[in-house]
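J.: Got a structure for you, questions after.
The values are calculated or read from the model by the stated rules, or taken from the named source; none is laboratory data. What you see is a predicted model, and the numbers here were worked out from it, not measured in a lab. Here Cβ is always computed from backbone atoms with ideal geometry, including for glycine, and neighbour counts include all displayed protein chains.
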Ligand SMILES: Cc1cc2nc3c(=O)[nH]c(=O)nc-3n(C[C@H](O)[C@H](O)[C@H](O)COP(=O)(O)O)c2cc1C
């Protein structure tokens, strides 16, 4: 059995959040469309999984409206946010915001291939088709194939998330 390192702290919600908060990430908005309604959610769990085939994953909490939406949609978009999109990230992380029209205050466009909404203030955009969904505690791990992508020609600074707060890196 593995021994806990000297001075190890108990694993609680709080210590888990603090430890994982030391892992700096980028910030994305994941989007999909179901029955003509756009859904969007801020997510920093986006991870590259495989190059051949090109796969990414996102972990979606059961207790979000986006969970049902992404499973129903089958195709989804990812916008990798730039530093100007701090307010956008906060907006799509706000629990209980209106569902219908939530994209109206945010500059966005539509993917030519899938029709999902993509956030303008981003460094790269992905079109993704779900290939598998795996249980992951209180989240589902949604793995998808990247079926289209675009990168900003002159990328600015990236929006980051570290120790519970937004920052940026060039
Ligand atoms: C920086 C940041 C990253 C987040 N990443 C995720 C994530 O990867 N998966 C997730 O399920 N929720 C994540 N959240 C929380 C959701 O954005 C939040 O619960 C959102 O309100 C869900 O919206 P919905 O209930 O309308 O679907 C994140 C929040 C923030 C601020």
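J.: Among all residue pairs at least 6 apart or on different chains, which show Cβ distances below 6 Å where the first residue, located in the range 14-35, is touching a residue at least 40 places away in the same chain (Cβ under 8 Å) and the second is buried (at least 16 other Cβ atoms within 10 Å of the Cβ) and in a helix (DSSP H, G or I)?
T.: 27/89; 32/69; 32/70; 32/73
J.: Report the residue count in the range 26-49 for those that are exposed (fewer than 13 other Cβ atoms within 10 Å of the Cβ) and closer than 20 Å to residue 145 by Cβ.
T.: Of the residues in that region, 1 qualify.
J.: Let me ask you something else. Give the range 67-90 a look and list any residue that's farther than 20 Å from residue 124 by Cβ and assigned to a helix (DSSP H, G or I), or say none. Spell out the reasoning first.
T.: Taking the range 67-90 and keeping what is farther than 20 Å from residue 124 by Cβ, we get 67-69, 71-74, 90.
Matches in the range 67-90: 67, 68, 69, 71, 72, 73, 90.
J.: OK, next. What are the pairs with Cβ atoms under 6 angstrom where one residue, in the range 152-169, is modelled with pLDDT of 95 or more and the other, located anywhere, is more than 13 Å from the ligand (Cβ to nearest atom) and part of a loop (DSSP other than H, G, I, E, B)? Sequence gap at least six, or different chains.
T.: 157/170; 168/157
J.: Looking at the range 26-61, which of its residues are part of a loop (DSSP other than H, G, I, E, B) and in contact with a helix residue (DSSP H, G or I) (Cβ under 6 Å, 6 or more places away or on another chain)?
T.: Residue satisfying the conditions is 27 alone.
J.: Which strands (runs of 3 or more DSSP E) does the range 92-167 wholly contain that include 3 or more residues that are crowded, with 17+ Cβ neighbours inside 10 Å?
T.: Numbers: elements: 108-110, 117-119, 122-136, 139-151, 158-162.
Correct list: 117-119, 122-136, 139-151, 158-162.
Residues checked against (1) in contact (Cβ under 8 Å) with a residue 24 or more places away in the chain; (2) within 12 Å of the ligand (Cβ to nearest atom); (3) in contact with a helix residue (DSSP H, G or I) (Cβ under 9 Å, 6 or more places away or on another chain):
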site	(1), (2), (3)
67	yes, yes, no
79	yes, no, yes
82	yes, no, no
97	no, yes, yes
102	yes, yes, yes
125	yes, no, no
129	yes, no, no
135	no, no, no
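J.: Can you find a residue that is within 24 Å of residue 146 (Cα to Cα), within 15 Å of the ligand (Cβ to nearest atom) and not in a strand (DSSP E or B) anywhere in the range 10-25? Step through it out loud before you land on a result.
T.: Within the range 10-25, the first condition is being within 24 Å of residue 146 (Cα to Cα), and the residues that meet it are 24-25.
Now restrict to residues that are within 15 Å of the ligand (Cβ to nearest atom): 24-25.
Of the ones still in play, those that are also not in a strand (DSSP E or B) are 24.
Looking through the range 10-25, at least one residue is within 24 Å of residue 146 (Cα to Cα), within 15 Å of the ligand (Cβ to nearest atom) and not in a strand (DSSP E or B).
J.: A further question follows. Those residues that are within 16 Å of the ligand (Cβ to nearest atom) and touching a residue at least 40 places away in the same chain (Cβ under 8 Å), I need them from the range 137-151; list them, please. Can you show your working first?
T.: First, the residues of the range 137-151 that are within 16 Å of the ligand (Cβ to nearest atom): 137-144.
Correct list: 138, 139, 140, 141, 142, 143, 144.
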